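Colleague: My structure is below; once you've seen it, I'll send some questions.
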There are 4 protein chains.
Amino acid sequence: MDAFKLEGLIAAPFTPFHADGSLNPDMIPQMAHALVKNGVNGVFVCGTTGEGMSLTLQERRVVAQKWVECAADQLRIVVHVGHTCLTDARQLAEHAAQIGAHAVAAMAPSFFRPANAQDLADFCAAIAAAAPQLPFYYYHIPSMTGVGIPVIELLKEAVSIPNFAGVKYTHWDLMDFGQCTRFGNGRYDVLFGRDEYMLAGFGLGAEGAIGSTYCFAAPVYQRLLKAFHAGDLDTARMEQGLAADMIATFAPYGGLPAQKAMMRMIGIDCGPVRLPLRTLSAEKYEKLRSELDTMGFFTRCVK
Amino acid sequence: MDAFKLEGLIAAPFTPFHADGSLNPDMIPQMAHALVKNGVNGVFVCGTTGEGMSLTLQERRVVAQKWVECAADQLRIVVHVGHTCLTDARQLAEHAAQIGAHAVAAMAPSFFRPANAQDLADFCAAIAAAAPQLPFYYYHIPSMTGVGIPVIELLKEAVSIPNFAGVKYTHWDLMDFGQCTRFGNGRYDVLFGRDEYMLAGFGLGAEGAIGSTYCFAAPVYQRLLKAFHAGDLDTARMEQGLAADMIATFAPYGGLPAQKAMMRMIGIDCGPVRLPLRTLSAEKYEKLRSELDTMGFFTRCVK
Amino acid sequence: MDAFKLEGLIAAPFTPFHADGSLNPDMIPQMAHALVKNGVNGVFVCGTTGEGMSLTLQERRVVAQKWVECAADQLRIVVHVGHTCLTDARQLAEHAAQIGAHAVAAMAPSFFRPANAQDLADFCAAIAAAAPQLPFYYYHIPSMTGVGIPVIELLKEAVSIPNFAGVKYTHWDLMDFGQCTRFGNGRYDVLFGRDEYMLAGFGLGAEGAIGSTYCFAAPVYQRLLKAFHAGDLDTARMEQGLAADMIATFAPYGGLPAQKAMMRMIGIDCGPVRLPLRTLSAEKYEKLRSELDTMGFFTRCVK
Amino acid sequence: MDAFKLEGLIAAPFTPFHADGSLNPDMIPQMAHALVKNGVNGVFVCGTTGEGMSLTLQERRVVAQKWVECAADQLRIVVHVGHTCLTDARQLAEHAAQIGAHAVAAMAPSFFRPANAQDLADFCAAIAAAAPQLPFYYYHIPSMTGVGIPVIELLKEAVSIPNFAGVKYTHWDLMDFGQCTRFGNGRYDVLFGRDEYMLAGFGLGAEGAIGSTYCFAAPVYQRLLKAFHAGDLDTARMEQGLAADMIATFAPYGGLPAQKAMMRMIGIDCGPVRLPLRTLSAEKYEKLRSELDTMGFFTRCVK
């Protein structure tokens, strides 16, 4: 497991639905193709962006399997298996291993919340043990789970989990993030999960990032990373500013419904969102498209 | 559906597990017997206290079925079917109807959260429609779900849901609670869900209450209600104070793990809790027992 | 100090300003007269409703003095002296004692927040010691101060403060509130501070209440209390419902600016609010008046 | 005003007290000397670190004056004049201008909170107008004030304030921070206020930083900045890691009391903190000193 590392851009793909809300896995090859074309290195399947918690277990299996089938040779496939029910999470992890995924990940349970790092580590350990051959990533996203235990505390407990590999860090606490990247001489693979200030994450030592906007705006972030690695911070900042403008444009429309609409705008129709989220009305869709057009999305972000 | 109403005490039962954490439905008849003996009128199955979100769908079905089988003639059986995945919630609702439960209930989805009352109402409507012959209750518990939309706003949207019957109100906003009890001339059955100040709920018009501590301390609350209905507020307040002392004693040990330990102390062993909750250690168990002994739990609360 | 007790309704008066925002203490006698006429027993001066934190120290002294001069023989005058700067709070307390106020009160400091009950008690003790002949009340209002330390913990520390007399409890935690009323066999005077469910407070043992809406709608609450003391809970609930309707009507306009507008509507013009609050525009003022008219404010609440 | 800009490190100094808690302004020259020696460019006086909200107005004036007197030729003196009472804030601003301070700053009022950017801008405008010849900085610190209005929204409203010069940005929202640095082609001076990830701020375009730890650990941050400007991110990250280790060491002791203790440890005794903060006990002081010794504070951070 030593060699496993996620680098560069990892996209968190939307789960494609038909117009009636039923699963549409046949869209996945087209999605995979677009990501590969844009230099994306992997996918984080059935997480927040993938509406994993709005899918049945069977649907989550189907989606994971489709990604492995059509893209495992070109993209790293990380399957998110987090669930409030530990038994279900373990079953999903086992399935991910069986189908040949490259890694599994799990967020903290979001209904009952672990009281401390030890309880969280035990929850993670039980999931990781269900797919012992695969690297396990902890998905830190307190804004959704309400679990804000500093990850550095989890890492100290997690050293006893043999296949604990890293973290998807979707939180603003950059001191904690930095501590994690430095823990054990860089023992763990800590990926940055806030597209809106990805540059800060790389400045503090990230080598990879996982996010939803890499599905449709990877070119911006690729240019950002190229400039960053060339030591050209001015250009990197300009590209980050462009990404921020894009995010500030769609955020008022609701993060996920707006982004799914944007996929349709660029010709990769992933369908509606599921309740309790609300798909954009035709009117809002057009208004968003117009605003994105004005800020340069179609000319400067998607290519 | 007009005649359906939940009155007096409705217990939210613990889900019994074996020592290894596997389901132990054979304990349910004993639990039901104890509730009936204490004058409890119904059960709210697989909600927060029942660790519903830590069970598989199949386990939730088994628990609901067992309660119906052994107690439907003596207790009102309300099956909580809430889930982050709407399809799963609907399947549980359908199952509850098939097995002969008396009502279904659902909390708001706790991962993605509805943005407004309309979105929440649509989520509820879809579940209610899966068990159209049963009364549907909305389970309001913002401390767990993070969904704090005032229920009075939901009720205004819910008038179009034919089998919407009421609310389990587990929140501190007593103005909203009062508005709900008065809505449409008392059209909905609004049950109070905060055992620690149940008296306030009845003062503001509640006629029933749902809570976990009625599993082991129903006698306190029955005396409280008897005094309240007799106009003897001093006695009612004294009993509420006793309940508060009990709750203040066990709360520092963690609400649910402590209460499950208390079930064992009174001879109805419901086993451990599941991760991410943590079962009390033997040492803490004895310390809690001793503190409960001191405050009069075994002599004044359980009988 | 043993005999001191605040009972029934205590109003939290607005601080009257001229149209240009400067202090207008000459309005105070008219305000006092209206309160006395409505059977209000006291005033809580320069607290939240009085915009105390938006006044200079000198203005706070002038307001307190005016209330004492014109109403100390008919109303209990409680002067709020809370401040983020302990020295300033102590000076205000000393002044209140000098001018003949009946009691002082202080909220927790709202910038730096005490870390625990001991630190909060020490802060209170230092203020109480500056007016040792007057009863001292702790003003619990976590929604404004961010200090949510349970008051029952403070009371345990406060037993060493000789003139600690009670609490203005403006918070939803009715278990804590009940514990406080029962502490030391009712040793402290615990007043309820949530007008919108005052009935719940009295049900749990309150004997007095402090709030802003008693400035203009005291008749509703007087009828509520009369019914409550006569054992007629149905009527009490109906009056509480009326109060809730009134509050639900003005709340969307901003609590304090709307209420100050309502004072003007009933002929007791207290002027604008100070920044950072925003006085209602003429248009909003008329819209609010119309909505209040519709819900019966002018016919059923003010008399 | 065009030429005014704060660059590099600006320290937020502690306010020195005697052992009895009274003001000890005679320590200020020693503090100023140490800052100058360490290459610090300015001071932010009477803000959070300076316990401004725990001082009387007169004390705030004395402290500001002393800093100007003894250091205005070597350090930029920014006087924080924020207050919940606008009149008081204006008087402090006027005083700062009279004594020859270089700039004033104000946080949002923390008791009543502005409802939107317009109300906040009006509050700032009134303060800025009291010192029209001085540049005005908005001090953004939602963790203390509870005012989380995005600063980019404030900047759009603030264009009409002639002497609005910039922002002390003490918050984690790096997207908002980045938007602010880019606003109006870098029209405003946006300083970073989170020492624990200062590197991220500079990566996103900051050119100056204001913080408390620059009082005792400026050498670390100077090395960080030197490496950053030389394009040596590895070294910059290493120094940021050292700063993070230091902060993680003292944070559990309470941010401000611990840091004031650290000033004493390095021979610049600023005395106790004021209530509601709690000065470290002798025992905790020694424990902290020992932990700091272990992590290298005395050998690697202070020089």
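Colleague: Return the only residue of C:G21, C:G47, C:G52 being within 25 Å of D:F112 (Cβ to Cβ) and without any contact (Cβ under 8 Å) to a residue 40 or more places away in the chain.
Modeller: C:G52
Colleague: Something else: If I filter segment C:268-285 for residues that are under 20 Å from the mean Cα position of the chain (by Cα) and farther than 30 Å from D:M107 by Cβ, do I get at least one hit?
Modeller: yes
Colleague: Criterion first (open to solvent by less than 60 Å² (accessible area, probe 1.4 Å), out of contact with any Pro (no Cβ under 7 Å at 6 or more places or on another chain) and not in a helix (DSSP H, G or I)) does B:G205 satisfy it?
Modeller: yes
Colleague: Here's something else I'd like to know. Hey, can you tell me all the residues within segment B:36-66 that are touching a Cys at 6+ places or on another chain (Cβ under 7 Å) and either in a helix (DSSP H, G or I) or surrounded by fewer than 19 Cβ atoms within 10 Å (Cβ to Cβ) (or both)?
Modeller: Those that are touching a Cys at 6+ places or on another chain (Cβ under 7 Å) and either in a helix (DSSP H, G or I) or surrounded by fewer than 19 Cβ atoms within 10 Å (Cβ to Cβ) (or both): B:G52, B:M53, B:S54, B:T56, B:R60, B:V63, B:A64.
Colleague: Mind checking which residues of segment B:1-59 are charged (D, E, K, R) and touching a Pro at 6+ places or on another chain (Cβ under 7 Å)?
Modeller: none
Colleague: Among the small types (G, A, S), at pLDDT 95 or above and within 25 Å of D:T48 (Cα to Cα): is that true of C:A117 in this structure?
Modeller: The answer is yes for C:A117.
Colleague: Against the definition (aliphatic (A, V, I, L, M) and part of a loop (DSSP other than H, G, I, E, B)), how does C:V273 come out, yes or no?
Modeller: Answer is yes for this residue.
Colleague: Scan segment C:228-265 residue by residue and report those that are basic (K, R) and under 16 Å from C:L277 (Cα atoms).
Modeller: Residue satisfying the conditions is C:K260 alone.
Colleague: Just give me the residues in segment C:252-294 being within 25 Å of B:L174 (Cβ to Cβ), surrounded by fewer than 17 Cβ atoms within 10 Å (Cβ to Cβ) and modelled with pLDDT of 95 or more, in sequence order.
Modeller: C:P252, C:E291, C:T294
Colleague: Condition first: without any contact (Cβ under 8 Å) to a residue 60 or more places away in the chain, among the charged types (D, E, K, R) and away from chain B (no Cβ under 14 Å). Can you find one or more residues in segment A:71-83 that meet it?
Modeller: Among the residues of segment A:71-83, at least one is without any contact (Cβ under 8 Å) to a residue 60 or more places away in the chain, among the charged types (D, E, K, R) and away from chain B (no Cβ under 14 Å), which makes the answer yes.
Colleague: Being over 18 Å from B:P276 (Cβ atoms) and among the hydroxyl-bearing types (S, T, Y) is the filter; apply it to segment A:138-188 and report the residue that is farthest from the other protein chains (Cβ to nearest Cβ).
Modeller: Checking each candidate, the answer is A:Y188.
Colleague: Restricted to segment B:249-279, and to residues that are within 12 Å of another protein chain (Cβ to nearest Cβ) and hydrophobic (A, V, I, L, M, F, W, C), which residue is nearest to A:P114 (Cα to Cα)?
Modeller: B:L277
Conditions tested, residue by residue: (1) part of a helix (DSSP H, G or I); (2) more than 8 Å from every other protein chain (Cβ to nearest Cβ).
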position: A:A209; (1), (2): no, yes
position: A:A217; (1), (2): yes, yes
position: A:V220; (1), (2): yes, yes
position: A:L224; (1), (2): yes, yes
position: A:A227; (1), (2): yes, yes
position: A:D234; (1), (2): yes, yes
position: A:R237; (1), (2): yes, no
position: A:A243; (1), (2): yes, yes
position: A:I247; (1), (2): yes, no
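Here is a yes/no grid of residues against (1) without any contact (Cβ under 8 Å) to a residue 40 or more places away in the chain; (2) open to solvent by 40 Å² or more (accessible area, probe 1.4 Å); (3) at positive phi; (4) among the aromatic types (F, W, Y):
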residue	(1), (2), (3), (4)
B:A200	yes, no, no, no
B:I210	no, no, no, no
B:C215	no, no, no, no
B:V220	no, no, no, no
B:L225	no, no, no, no
B:H229	yes, yes, no, no
B:G241	yes, no, no, no
B:M246	no, no, no, no
B:F250	no, no, no, yes
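Colleague: Looking at the structure I just gave you, is A:I149 free of Cβ contacts under 8 Å to residues at least 60 places away in the same chain, among the β-branched types (V, I, T) and farther than 30 Å from B:A115 by Cβ?
Modeller: No: the conditions fail for A:I149.
Colleague: Related question: Among the residues of segment D:206-252, write down those that are under 24 Å from D:G47 (Cα atoms) and in contact with a Ser or Thr (Cβ under 6 Å, 6 or more places away or on another chain).
Modeller: The one that is under 24 Å from D:G47 (Cα atoms) and in contact with a Ser or Thr (Cβ under 6 Å, 6 or more places away or on another chain): D:S212.
Colleague: Step by step: first the residues of segment C:93-105, then only those that are part of a helix (DSSP H, G or I) and open to solvent by less than 10 Å² (accessible area, probe 1.4 Å), then the one that is farthest from the other protein chains (Cβ to nearest Cβ). Which residue is that?
Modeller: Only one residue fits best here, namely C:A96.
Colleague: Looking at segment C:15-31, is at least one residue open to solvent by 10 Å² or more (accessible area, probe 1.4 Å), hydrophobic (A, V, I, L, M, F, W, C) and assigned to a loop (DSSP other than H, G, I, E, B)?
Modeller: Within segment C:15-31, one or more residues are open to solvent by 10 Å² or more (accessible area, probe 1.4 Å), hydrophobic (A, V, I, L, M, F, W, C) and assigned to a loop (DSSP other than H, G, I, E, B).
The values are calculated or read from the model by the stated rules, or taken from the named source; none is laboratory data. Quick caveat, the model's predicted, so the values are computed rather than measured. Cβ sites come from the backbone with ideal geometry, for glycine too, and all protein chains shown count toward neighbours. Only protein heavy atoms, including side chains, enter the accessible area calculation; ligands, DNA and RNA are left aside. Shrake-Rupley method; radii C 1.70, N 1.55, O 1.52, S 1.80 Å.
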